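To start, the structure under review is shown below, and the notes come after it.
Nothing in this text is a laboratory measurement; each read-out follows from the coordinates by a stated rule. What you see is a predicted model, and the numbers here were worked out from it, not measured in a lab. FYI the Cβ positions are ideal-geometry reconstructions off the backbone, even for glycines, and counts take in every protein chain you see.
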Amino acid sequence: MKILQVNKFYYPWVGGVEKVVQQIAEGLNEENNLKIDVLACNSRNERVIEEVNKVKVFRAKTLKVILGMPLSFDFLSLYKKIAEDYDLIFLHYPFPLSFLAYFLFSRGKDLVIWYHSDIVRQRLLEVLFKPLHLFCLKKAKKIFVSNPNLIRSSNYLSKFEYKCVVIPFGVDLNYFQANKDIKKKSAKIKQIFKKPLILSVGRLVSYKGFKYLIKAALEVEAQFLIIGEGKLKRSLLKLIKKLNLSDKFFILPFVDDLRPYYLACDIFVLPSISKAEAFGIVLLEAIVCGKPVISTRLNTGVDWLNMDQSTGFVVEPKNEKELASRINFLLKNKDFYQQFSENSKKRAKEFSLEKFLISLKNELLSSS
């Protein structure tokens, strides 16, 4: 069965959804006669057709990226050209352009959808494309979601609960086992950050809530590190300087291997402030590494993944006081810290990449 997996962007673009799309493409390609190709938008105004880690990738020319959404007329042209060659179309939501392409050019094709989150930032897009969204959701044979919270809280999914299939995301548990090289790199990081280290990872955009983590640092005796890039980098650095935190709060660009940083940190924090944070793959990776985690109450997969007062704490978004309080509690109460760490390791076993891929493979094979 030939499957065309469609998303806004694809590796090496950095993002949680893009990571999942890559895992599916690379993990299931050539499995049980599945042939999975990927159609996405390029980050520049150039059409590219290439093979990436044995996966055929079509990248459409993109004029501009606006609020995280690519503007690409070439995407529609490229979709129309290639969609007929596939038995099953696999759309990742939210990406309104792909829903438009399906409606215009392949509405007779079998369809499945991975519903990652509601449209949060681009409200006008949601209004304009609502008829298309409803058409495709009705047409889809199955709608995959990463967690049950999403079905209950979504603007759309409660109407389609009967066709929703919950498949939690997964990571390669063996990959995150600390070997000698990782431990050596981790030790060097700890030498640099001599105090307890609070880590966060993500694109430097508004919904990640990093400014609240910066403000929380005022009340915590520790050092803080964010690993990420994005349009808010300059303003976040200004805030760090304004609050006289330059000696305890640092921002580094994305790194190829986060494992030494997960191992080196004492606590991992995901301070997101909106439902745009639908799951938090980096949160899962920190849990797999046995770290106590602190996240925010968003009624998404984030607060389903992080079990409050078991694997860590769930706090109210935009509340730097509560965030600082919970960080301080974990740093000062070693018994709770150790228990949360052990619980994280146990929780991680439920989220293996192998389990994720097997579950999805079985659902795809029964969808056509």
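Below, the figures for the structure above:
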item	result
Packing-based order for 204-210, 93-99, 82-88, 159-165, using average beta carbon neighbours within 10 Å, highest first	93-99, 204-210, 82-88, 159-165
Euclidean distance of C-alpha centroids, region 262-280 and region 27-89, integer Å	29
30 Å Cα-Cα threshold exceeded, pairs from K139/K345; K64/K238; K61/K231; K233/K318; K19/K190	K139/K345
By average C-beta atoms within 10 angstrom, highest first, the peptides 189-200, 294-305	294-305, 189-200
Highest-fluctuation residue, L270, L218, L284 considered, GNM on the chain with Cα pairs under 10 Å	L218
Residue-wise HN-Hα coupling along region 136-143, computed from phi with Karplus coefficients 6.51, -1.76, 1.60 (Hz; x: Gly, Pro)	5, 5, 5, 6, 4, 6, 9, 10
Placed amide H near L270: partners under 5 Å, 5+ positions off or other chain	I294, S295
Estimated vicinal HN-Hα couplings, Hz - region 175-189 in sequence order (Karplus 6.51, -1.76, 1.60; Gly, Pro = x)	4, 8, 6, 6, 8, 4, 5, 5, 4, 5, 5, 5, 4, 5, 5
S325 paired with N33, simple spin-label distance in nm, labels 7 Å along Cα-to-beta-carbon	6.0
For W114, residues with placed amide H under 5 Å, excluding near neighbours	L91, H92, Y93, F144
Distant-in-sequence amide H partners of K56 (H built 1.01 Å from N, under 5 Å)	V38
Fewest-first ranking of S325, S272, S246, S72, using other Cβ atoms within 10 Å as the exposure measure	S246, S325, S72, S272
Global form of region 58-130, assessed from the alpha-carbon gyration tensor, a/c cut-off 1.5	oblate
Aspartates and glutamates with Cα under 17 Å of K8, excluding same-chain neighbours fewer than 8 positions away	E18, D37, E46, E50, D74, D118, E126, E277
Rg/Rg_globular for region 139-269, with Rg_globular taken as 2.2 N^0.38 Å and Rg from C-alpha atoms	1.35
Rounded to whole Hz, the Karplus (6.51, -1.76, 1.60) HN-Hα couplings of region 19-29, x for glycine and proline	5, 5, 4, 5, 4, 5, 4, 6, x, 10, 4
Pairwise FRET efficiency - K334 versus L63, Cβ, R0 = 41 Å, nearest 0.05	0.15
Region 156-225 shape via C-alpha gyration tensor axes, a/c threshold 1.5	oblate
Given charges at beta-carbon only (K, R positive; D, E negative), |dipole| of the chain in Debye	940
Value of [θ]222 nm, deg cm²/dmol, for the chain, DSSP H segments ≥ 4, -39500 (n - 2.57) each, nearest 500	-12000 deg cm²/dmol
